[in-house]
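Dropping the structure in here first, questions after.
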Amino acid sequence: PVRACSSNPLLAHNVVLLLAFLTSALGMYALARHLTRDRFGAVVAGLVFGFSPFMLSHFVHIQIVSAGGIPLAFLFLHRYFENRRPREAVYFALAASFQALANSYYALYLGFFGALSVVVLAIARKRLLDPRFWRDMLVAAGVVLVLAGPFAYQYVKVGQDMGFSRNIGAPAGLTSFLASPPYSRLYGVLSGPFQRPEQHLFPGAVAFLLAVAGFVCLVSRRRPERLPGLGLDPQGGESLPGDEEMSRSGFPGALIAALYGGIALLAFLFTFGPNGPYALL
């Protein structure tokens, strides 16, 4: 729309680029806010996700910065399993479709981890044998096929017609997670010995320290703390919407922590390319 109204491709690119950073941060804010009911923590999560050294190292790759659909897809997935409303499955499919149109790499990763999450949550909910669950998933799959399918088809067709191919490329190493882009005023000089093209995977010191602190609190906490929509309130505090239903289904908050912990571990291992499980894909 900006290009059509202004005939200025630079303005259109800059608007989309800034919106990509903003929507990535807002998407993660929405997911973290839903899972924690903590506004400050959600703001920090959004800033970490949207403006990490990794994202800033790829500001020339507008498709990589456009990652807001990933947390939004997971947000609607959680809401679907909490309230069982078919429209949440449609929203999940819409977010996944728009993310697929923005970045085909993220489409593959979101497809894999999204499907994994669906299976885990469906098992926890005991919904694998529920016909309504499969109906909703088929509707969601149909939405993705209608919106993203034509583009994926043309993408594959052009690759076949032109004989294009793509190898895995240079895999990351452990030192890649210490590398920031050279233009980073805070980390650029310090991480100079570890810098390799397109292998700046340092998440930022704040993100790393908060992750370690969160893990320590998780394993050391004596009583589980209720997460919204997960029906876990051992102290009998004020209930939240959906708590009663979640309590009956036995959906512990530890499962969500284990789910995202498993995703983080697999994502970490996938970065090693042929030296890790990525080759299996």
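Identify all residues within segment 84-121 that are within 21 Å of Val65 (Cβ to Cβ) and of a type in the set (Gly, Ala, Ser); write none if there are none.
If the condition is that a residue be within 21 Å of Val65 (Cβ to Cβ) and of a type in the set (Gly, Ala, Ser), then Ala95, Ala96, Ser97, Ala100, Ala102, Ser104, Ala107, Gly111, Gly114 are the ones that fit.
Regarding segment 83-94, can at least one residue be identified that is touching an Asp or Glu at 6+ places or on another chain (Cβ under 7 Å) and not basic (Lys, Arg)?
yes
Here's the yes/no breakdown for (1) in contact with a Cys (Cβ under 9 Å, 6 or more places away or on another chain); (2) in a loop (DSSP other than H, G, I, E, B); (3) at pLDDT below 85; (4) not aliphatic (A, V, I, L, M):
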position	(1), (2), (3), (4)
Phe164	no, yes, no, yes
Ser176	no, no, no, yes
Tyr183	no, yes, no, yes
Val216	no, no, no, no
Gly229	no, yes, yes, yes
Pro234	no, yes, yes, yes
Leu240	no, yes, yes, no
Leu265	no, no, no, no
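When the residues of segment 92-139 are filtered to those that are in contact (Cβ under 8 Å) with a residue 60 or more places away in the chain and more than 14 Å from the chain's Cα centre (by Cα), which remaining residue is surrounded by the fewest Cβ atoms within 10 Å (Cβ to Cβ)?
Once the filter is applied, the top-ranked residue is Lys126.
Tell me, yes or no, whether segment 196-210 has at least one residue that is open to solvent by 80 Å² or more (accessible area, probe 1.4 Å), of a type in the set (Asp, Glu) and under 24 Å from Pro274 (Cβ atoms).
yes
The values are calculated or read from the model by the stated rules, or taken from the named source; none is laboratory data. Computed from a prediction, not measured in an experiment: that's the story for all the values here. Every residue, glycine among them, receives a Cβ derived from its backbone with ideal geometry; neighbour counts consider all protein chains shown. Keep in mind that these areas ignore ligands, DNA and RNA; they rest on the heavy atoms of the full protein, side chains included. Shrake-Rupley method; radii C 1.70, N 1.55, O 1.52, S 1.80 Å.
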